[in-house]
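K.L.:
Structure provided below as structure tokens; questions to follow.
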Amino acid sequence: MNRRDTSELDRNAALEAYRAAACAEADAHFDDRALETQRHKILARLAHLGHPAKVIRFPKAGNVEAPTTGVNRRWISVAAAAGLIIGLLGGQLVHLMPQSNRRLAPMATSMAPSAPSGPTFVPVSASTDDGLLGEIELAMQLRGAAELRALDEITPLADPR
């Protein structure tokens with residue numbers, strides 16, 4: 001055996017002696033009755049592991065208000081609804097206005113205008129409306145829609161002048 005092996009054996013023997021001394025001192029401090037009491041406490045805790053935990057109720061705090069933001073949410077929803085209604089009305093007005101009354105914003109172009117020209121108007125006659133109504137009457141007579149005839153009988157006629 002070399003020197004390293006003998007020092008390791010001495011070290012192991014010293015550690016074994018310390019272990020035996022520690023066990024003897026622990027046995028002197030903890031007698032059988034104390035160990036049995038500790039064992040019962042541990043078993044009682046393990047028995048409650050399968051049961052639901054106990055909830056301790058704390059008293060309610062009085063009038064705790066949620067932090068408020070700078071903007072009221074109701075105003076945001078009112079503004080969104082107003083924007084939607086204004087958009088719908090604006091879209092309907094575009095379709096209700098006659099084409100000649102609409103004025104669009106001028107577009108920016110890099111070309112110079114060739115000749116000054118005024119707005120061009122297309123004259124609209126009442127004959128186009130009469131022609132459309134005449135076509136509807138003709139279609140009604142040809143198809144013979146009984147439902148539309150009842151409506152036609154109820155509708156008052158304008159005086160042709």
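K.L.:
Within the stretch 32-60, work out how many residues are surrounded by 10 or more Cβ atoms within 10 Å (Cβ to Cβ) and either assigned to a loop (DSSP other than H, G, I, E, B) or in contact with a helix residue (DSSP H, G or I) (Cβ under 9 Å, 6 or more places away or on another chain) (or both).
P.N.:
Total satisfying the criteria: 1.
K.L.:
Further, regarding this structure: Can you find a residue in the stretch 2-10 that is assigned to a helix (DSSP H, G or I) and aliphatic (A, V, I, L, M)?
P.N.:
First pass over the stretch 2-10, keeping only residues assigned to a helix (DSSP H, G or I): 3-10.
Keeping just the survivors that are aliphatic (A, V, I, L, M) gives 9.
Yes, because at least one residue in the stretch 2-10 is assigned to a helix (DSSP H, G or I) and aliphatic (A, V, I, L, M).
Where a number appears in this text, it was derived from the coordinates with a stated rule and is not lab data. Just so it is clear, the structure is predicted and the values come from calculations on it, not from any experiment. With ideal geometry, Cβ positions are generated from the backbone for all residues, glycine too; neighbour counts draw on all protein chains shown.
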